[in-house]
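Before I ask anything, here is the structure I am working with.
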Amino acid sequence: MLDTLHQERTSRTDWRKEWYDFEDAAYLNVAGQGPLPRVAVQAALQAIEWKKFPHTMPDVTGFELPNRIRALIAKLIGGRPDEIAITTGASGGMAAVAHGIDWRPGDEVLIARGEFPSHFTTWLPMEAAGQLRVKVIEPRARFLTAEDFLENIGPRTRLVSTSLVRFDDGVRIDAAMVARACHDVGGFLLLDVAQCAGAVPMDVQALGADFIAASGYKWLLSPYGTGFFWARGEVIDQMRPGPSYWAALENADQFHMLSTSGYTLSKGARRWDSPETGSFFNLAAMEASLEFLLRIGIETVRDHTGNLAKALIERLPRDRCALASPASAEQRGPYVCVVARRPGMTAELFARLTAAKVFVSLREGALRIAPHLFNSERDLDRLLSILSI
């Protein structure tokens with residue numbers, strides 16, 4: 001009964017008013033850039049006013065704003081605020097893991113072929129420096145699965161670095177299965193959740209991961225240069241300390257007293273906060289977007305985008321296009337990828353869509369179609385009218 005009421009409420013609500021008018025564009029590219037909702041734009045404008053007139057900015061903003069962000073992210077992912085660092089994107093979290101683990105001779109890091117470049121730019125330099133070995137695994141079938149990792153996890157596996165939802169085809173990995181296999185050999189699981197945080201309900205305990213990294217500018221509807229890093233509480237104390245931003249010190253808000261009270265890092269994940277953590281231009285808007293997402297409910301986003309994805313798959317002109325994502329919603333993230341059946345035609349379709357002001361991404365030779373609450377089947381009509389030509 002509650003599910004039915006939730007669906008009825010979702011179907012009756014016109015969420016488009018929460019964003020500024022896209023005018024004559026059909027924007028289906030949240031996997032590339034998530035547009036700021038109205039409340040976030042207004043918060044960003046207020047932050048600009050603070051810088052315009054600094055005497056109007058509350059003195060505690062630089063310390064309290066990041067902590068409010070931690071609390072909101074904790075609610076979003078089912079973690080604790082002290083397990084969350086504020087970063088400028090997913091790469092910051094990956095770097096924290098890379099420098100925090102005490103690597104041993106022969107340690108392996110597993111990455112799947114075609115993974116997002118930040119995984120390779122994190123781990124390949126460390127392999128070149130002789131600190132570990134990178135093993136790139138190949139999927140057995142068309143789409144990557146948890147079983148592909150399980151077949152390669154062994155005594156030397158120290159870490160699996162993978163996206164929960166792949167950027168190139170939308171595949172969603174069974175993270176809990178991979179986590180169990182990692183833990184059985186004493187290894188860790190690092191999840192990049194950039195393509196699903198804010199779009200699908202998430203519980204870090206159920207996922208079983210040890211580390212989670214995310215950028216904020218996609219499904220979290222936040223500015224570019226925002227993100228977070230989550231580390232499981234019991235793992236944080238196992239990590240090697242390293243250089244930290246001074247605001248991660250205990251009693252940092254009393255920084256004028258630190259020279260007499262000592263320089264001790266705070267407990268928890270804030271030691272990995274990006275420098276200039278309280279960047280209020282970014283964080284004011286991020287706070288408003290996170291509050292917005294929690295207010296409407298991530299289930300609402302999931303249901304709406306899921307219904308649009310289902311309609312797109314059902315209406316896809318199969319004589320001209322083929323699905324490049326798993327058909328099953330359980331095996332796919334919040335978007336759909338398609339390709340033209342004719343070789344070389346996908347790029348031409350992308351150009352036609354752009355000319356018609358239907359905006360999607362072109363990734364790895366496929367059209368990535370990522371709707372949100374501001375989209376409707378009318379946007380799909382415009383998309384499919386081009387794909388059917």
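In nm, to one decimal, how far is the modelled label at Arg16 from the one at Phe281, with both set 7 Å along Cα→Cβ?
3.2
I would also like to ask the following. Mind telling me which of Pro371, Pro326, Pro117 comes out most flexible in a GNM of the chain, alpha-carbon contacts under 10 Å?
Pro117
How many nm is it between the label spots at Ala128 and Glu49, if each spot is 7 Å from the Cα in line with the beta carbon?
Those two pseudo-labels are separated by 4.8 nm.
Using only helices, what value at 222 nm comes out for the chain when you add -39,500 (n - 2.57) per DSSP H run of length 4 or more and divide by the total residues, to the nearest 500 deg cm²/dmol?
Theoretical 222 nm ellipticity from helices: -11500 deg cm²/dmol.
Please report the net charge: other residues with Cβ closer than 15 Å to the Cβ of Gly365, K and R +1, D and E -1.
Net charge around Gly365: +3.
How about the range 222-291: which trypsin sites (Lys or Arg not before Pro) there are in a DSSP loop, with at most 16 other Cβ atoms within 10 Å of their Cβ?
Those that pass, being in a loop and sparsely packed, are Lys267.
Of all beta bridges DSSP finds with both residues in the range 181-283, what is the antiparallel percent, to the nearest 5?
Numbers: 6 of 10 bridges.
Rounded to the nearest five, the antiparallel share is 60 percent.
Summarise the accessible area of the chain (1.4 Å probe, protein heavy atoms) by the percent that is carbon and sulfur.
53
Report the full-extension gain for the segment Leu294 to Ser376: residue separation times 0.36 nm, less the Cα-Cα distance, to one decimal in nm. Please list the in-between numbers first.
Details: separation 82, 0.36 × 82 = 29.52 nm, distance 2.14 nm.
Here the segment from Leu294 to Ser376 would lengthen by 27.4 nm.
Tell me, what is the FRET efficiency for Asp24 and Ser328 to the nearest 0.05, using R0 = 45 angstrom and their Cβ-Cβ distance as r? Provide the component values of the computation, followed by the final result.
On the way: r = 34 Å, r/R0 = 0.76.
It comes out at approximately 0.85.
Under the 0.36 nm per residue contour assumption, what length would be gained going from the current alpha-carbon distance of Phe120 and Val60 to full extension?
17.8 nm
Counting only other residues whose beta carbon sits under 9 Å from that of Ser244, what net charge do I get with K and R as +1, D and E as -1?
Summing Lys/Arg as +1 and Asp/Glu as -1 gives +1.
Find the accessible area per residue for the chain; the probe is 1.4 Å, ligands and nucleic acids are left out, and the unit is Å².
Solvent-accessible surface per residue comes out at 45 Å².
For the chain, the longest stretch holding no GluC sites (Glu not before Pro) located in a DSSP loop with at most 16 other Cβ atoms within 10 Å is which?
Longest run free of exposed loop sites: 24-150.
Just subtract the alpha-carbon distance of Gln42 and Asp237 from 0.36 nm times their residue separation and send over the number in nm, one decimal.
Separation in residues times 0.36 nm, less the Cα-Cα distance, equals 66.3 nm.
Let me ask another. At 7 Å along the Cα-to-beta-carbon direction for both Asp319 and Asp253, put a label point, then send me their distance in nm to one decimal.
In this crude label model, Asp319 to Asp253 measures out at 6.7 nm.
How high is the relative contact order of the range 338-389, in percent, counting Cα pairs under 8 Å that sit 6 or more residues apart?
Once normalised by length, the contact order is 34 percent.
Specify the longest stretch of the chain that does not include any exposed loop site, a site being one of the chymotrypsin sites (Phe, Trp or Tyr not before Pro) with a non-H, G, I, E, B DSSP assignment and at most 14 other Cβ atoms within 10 Å.
Here the longest run is 21-223.
Something else about it: Go through [x] 194; [y] 156; [z] 177 and flag the label whose value is the computed volume of the Cα convex hull per residue in Å³ for this structure.
Computing volume of the Cα convex hull per residue in Å³ and matching it to [x] 194; [y] 156; [z] 177 gives [y].
Still on this structure: Can you give me the relative contact order of the chain as a percent, contacts being Cα pairs under 8 Å and 6 or more apart?
Reported as a whole number, the value is 25 percent.
Here is a further query. Which residue, Thr305, Thr264, Thr277, tops the fluctuation ranking in a GNM of the chain built on C-alpha contacts under 10 Å?
Thr264
Then there is this: Once R0 is set to 25 Å, what does the formula 1/(1 + (r/R0)^6) return for the Cβ-Cβ distance between Asp184 and His99, expressed as a FRET efficiency to the nearest 0.05?
With R0 = 25 Å, the Cβ-Cβ based efficiency is 0.45.
With +1 on the Cβ of every Lys and Arg and -1 on the Cβ of every Asp and Glu, and nothing else charged, how large is the dipole of the chain about its Cα centre, in debye rounded to the nearest 20?
740
For the chain, give the share of DSSP beta bridges that are antiparallel, in percent and rounded to the nearest 5; count only bridges with both residues there.
Around 50 percent of the beta bridges assigned by DSSP in the chain are antiparallel ones.
Please go through the range 301-349 and write out the trypsin sites (Lys or Arg not before Pro) that DSSP classes as loop and that have at most 13 other C-beta atoms within 10 Å.
Those satisfying the criteria are Arg318, Arg341.
The values are calculated or read from the model by the stated rules, or taken from the named source; none is laboratory data. Treat the numbers as computed from the prediction; the structure is a model and nothing was measured. Virtual Cβ from ideal backbone geometry, glycine too; neighbours counted across all protein chains shown. Side chains are part of the model used for accessible areas, which takes the heavy atoms of the whole protein and leaves out ligands, DNA and RNA. Shrake-Rupley method; radii C 1.70, N 1.55, O 1.52, S 1.80 Å.
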